[in-house]
Amino acid sequence: MLLVVLTVNISTLKGIHGTTKYHAANISVNGFVLSPTGKIGKAGKGIYFWYYAQDRTTAIHCAETWSSFALAKGFYDKGKDCKIVKFDVHIESDEEKVLDFDAQMRESFYTAFPIGEYKERSYGAKLDLFIEELEKNLNFQFNLLKISLSVPNLGQNVAFSNSFLAIIVKNEVDIKISPVPPEPETSDMSIIIC
């Protein structure tokens, strides 16, 4: 009898997702749900989380800033409760199914879609096309994308650049929302749900 052992390395990535209270109520009941018809963001379709390894302070700040920007731009229904809520999540996936959009991958993307030839807002859809073509060529499907994204309205006082590591869920994965008590309220009335 031949025994075959397969090893799968599971990666757990941590992130913060900022949204409105009315969206948070739905997430609390149904979890995060990928929408095939959802809006195309800066890194294509998917569910966006600001990545952190140990200290979630910067990820929380990015989530708050992004949510405030989205509210000001009219992405949320202002007739509903738009208080900003953050979720702290752990996302599990096979390590090999995480596409790290590193320098080499970024160079390949800009070879396919040169800088200056497209409007900035179209690059999310271009990234989806790039990933679809990559998956087709590899005969393989990625669940997660790790990519640096800019955060609107952070101002001038940002060390190194206005770019922070994000995780974009592209396909169904296990997303765990850890229930912990909310942090003390601050002057902006933010709530952290973990």
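The values are calculated or read from the model by the stated rules, or taken from the named source; none is laboratory data. What you are looking at is a predicted structure, and each value in this text was computed from that prediction instead of being measured. Counting neighbours? That spans all protein chains shown, and the Cβs are built from the backbone with ideal geometry, glycine included. Note: accessible area is taken over every heavy atom of the protein model, side chains too, but ligands, DNA and RNA are not part of it. Shrake-Rupley method; radii C 1.70, N 1.55, O 1.52, S 1.80 Å.
Taking the conditions (1) surrounded by 12 or more Cβ atoms within 10 Å (Cβ to Cβ); (2) modelled with pLDDT of 90 or more in turn, G124 satisfies each one other than (2).
For first residues located in the stretch 80-98 and in contact (Cβ under 8 Å) with a residue 12 or more places away in the chain, partners that are among the acidic types (D, E) and crowded, with 22+ Cβ neighbours inside 10 Å and lie 6+ apart or on another chain with Cβ distances below 7 Å do not occur.
Of all the criteria given as (1) basic (K, R); (2) open to solvent by less than 60 Å² (accessible area, probe 1.4 Å); (3) in a helix (DSSP H, G or I), the one not satisfied by K146 is (3). One residue is enough: does the stretch 127-139 have a residue meeting the conditions open to solvent by less than 30 Å² (accessible area, probe 1.4 Å), closer than 30 Å to A24 by Cβ and under 13 Å from the mean Cα position of the chain (by Cα)? Looking through the stretch 127-139, none of the residues is open to solvent by less than 30 Å² (accessible area, probe 1.4 Å), closer than 30 Å to A24 by Cβ and under 13 Å from the mean Cα position of the chain (by Cα). Screening the candidates E107, E96, E92 for the property of being under 21 Å from S11 (Cα atoms), in a helix (DSSP H, G or I) and out of contact with any Gly (no Cβ under 9 Å at 6 or more places or on another chain) yields one hit, E96. Every test in (1) of a type in the set (D, E, K, R); (2) within 28 Å of N139 (Cα to Cα); (3) surrounded by fewer than 17 Cβ atoms within 10 Å (Cβ to Cβ) is passed by K83 save one, and that test is (2).
Only residues that are in contact with a Ser or Thr (Cβ under 9 Å, 6 or more places away or on another chain) and either crowded, with 19+ Cβ neighbours inside 10 Å or of a type in the set (D, E) (or both) were counted across the stretch 48-75, and they come to 6.
When the stretch 138-194 is filtered for residues that are of a type in the set (F, W, Y) and either in contact with a helix residue (DSSP H, G or I) (Cβ under 8 Å, 6 or more places away or on another chain) or at pLDDT 85 or above (or both), the ones remaining, listed by number, are F140, F142, F164.
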